[in-house]
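Asks: Quick one: structure below, then a few questions.
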Amino acid sequence: MSGRLGSYLALATIGVAWGLTVPLGKIAVSTGHHPYGLIFWEMVLGMVLLGSALSIARKVPRLRPRGAILAVFIALAGTVLPNYFSYTAAAQLPAGVMAIVIAIVPMFSMPIAIALGLERPQFLRLLGVLLGAGAIALIFGPSASLPDPAKAVFVLVALVAPFCYGVEANVLSWNGDAGLGPVGLLFWASVAGFFIVTPLTFATGNWVDLRQSWTAAELALFGLATLHIGAYCGYIWLVGAAGAVFASQVAYLVTASGVFWSIGLMGETYSGWIWGALVLMLAGIVLVSPKQVDAEQ
């Protein structure tokens, strides 16, 4: 019983922490910081935190050509591209809407998996994809759904991030972690991301100088990067401890807590259309999530 209770507590902690990164992302762009400057510091923090953990454990994996290629891909598909579009959209959309949009990841990953032959079509799961599309339509369509309907186009910008995550998930499912281990892969992806985004940051003049007095935006950046790394590592641990199916339930908590964190921290209010979109998205996640029982459970 204690093991099961521990798994549920870990699931709740990871989901709530991950959900908190949604409004923190909104705060990080609130003072006009460009996505490249924010992503640069995310990469630095990822290298420092993950590198320190691996060094203490003396488990820094050696990087071979296959692992290097995968690390570059994960850096692009898992951080640089999705974060660029997420930060761009977050500057224009309510944080709660971003929490709902990011939940569409499984609705992208499943059709991609079917196209690649990694999964077979199932009616209920396809219905879940349609519910997810309906949730986006509720946000994008009705004129009363967003505080400023003119910014509805940024919903499409925000959708680039979950699409990237869906592609990333399928590549990892098909290719594995190239022997680096989850934490080692994330570390080397942070290194690759650093070398990708650094020239972009300085070439575009979008450096974020953290030597100056920190405002809420800089604190939010540090907080979201730290929470993301901790939650991701916790999720990897939970998959091993309780199984992938159990761990996948974190998606509900990330979406729901992201909405309520946004209400609590930023005082956001939503129309009935947005609440309807949240219900549809959660229902879609339920249907899309795999139903088989893990051997670990």
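Asks: Over the chain, with a Gaussian network built from C-alpha contacts below 10 Å, which listed residue (A137, A277, A225) shows the highest mean-square fluctuation?
Replies: Ranking A137, A277, A225 by mean-square fluctuation puts A137 first.
Asks: Same structure, new question: Go through region 1-91 and name the trypsin sites (Lys or Arg not before Pro) that are in a DSSP coil and have 12 or fewer other Cβ atoms within 10 Å of their Cβ.
Replies: R58, K59, R62
Asks: A further question follows. Mind ranking 257-269, 36-48 by how tightly packed they are, going by the mean number of other C-beta atoms within 10 angstrom, highest first?
Replies: With the highest mean Cβ count within 10 Å placed first, the list reads 36-48, 257-269.
Asks: Pop out the carbon and sulfur fraction of the accessible area of the chain as a percent, whole number, probe 1.4 Å.
Replies: 70 percent
Asks: Which of the helices in the chain, when you take each full DSSP H run, stretch at least 27 Å along the axis at their Cα atoms and have an average Kyte-Doolittle score of 1.0 or higher?
Replies: 35-56, 153-175, 182-203, 216-242
Asks: In square angstrom, what is the accessible area per residue of the chain with a 1.4 angstrom probe?
Replies: 47 Å²
Asks: Bin width 10 Å, alpha-carbon pairs only: give the P(r) of the chain as whole percents, running from 0 to the bin holding the largest distance.
Replies: Reading upward from the zero bin: 6, 27, 37, 24, 6, 0.
Asks: Using only C-alpha positions, report the orientation-averaged shadow area of the convex hull of region 94-235, nm², one decimal.
Replies: Convex hull of Cα atoms, orientation-averaged projection: 11.6 nm².
Asks: Could you rank I274, I112 by how accessible they are, 1.4 Å probe, largest area first?
Replies: Ranking I274, I112 by accessible area, largest first, yields I112, I274.
The values are calculated or read from the model by the stated rules, or taken from the named source; none is laboratory data. This one's a predicted model, so the numbers in the text were calculated from it and none came from an experiment. Virtual Cβ from ideal backbone geometry, glycine too; neighbours counted across all protein chains shown. Side chains are part of the model used for accessible areas, which takes the heavy atoms of the whole protein and leaves out ligands, DNA and RNA. Shrake-Rupley method; radii C 1.70, N 1.55, O 1.52, S 1.80 Å.
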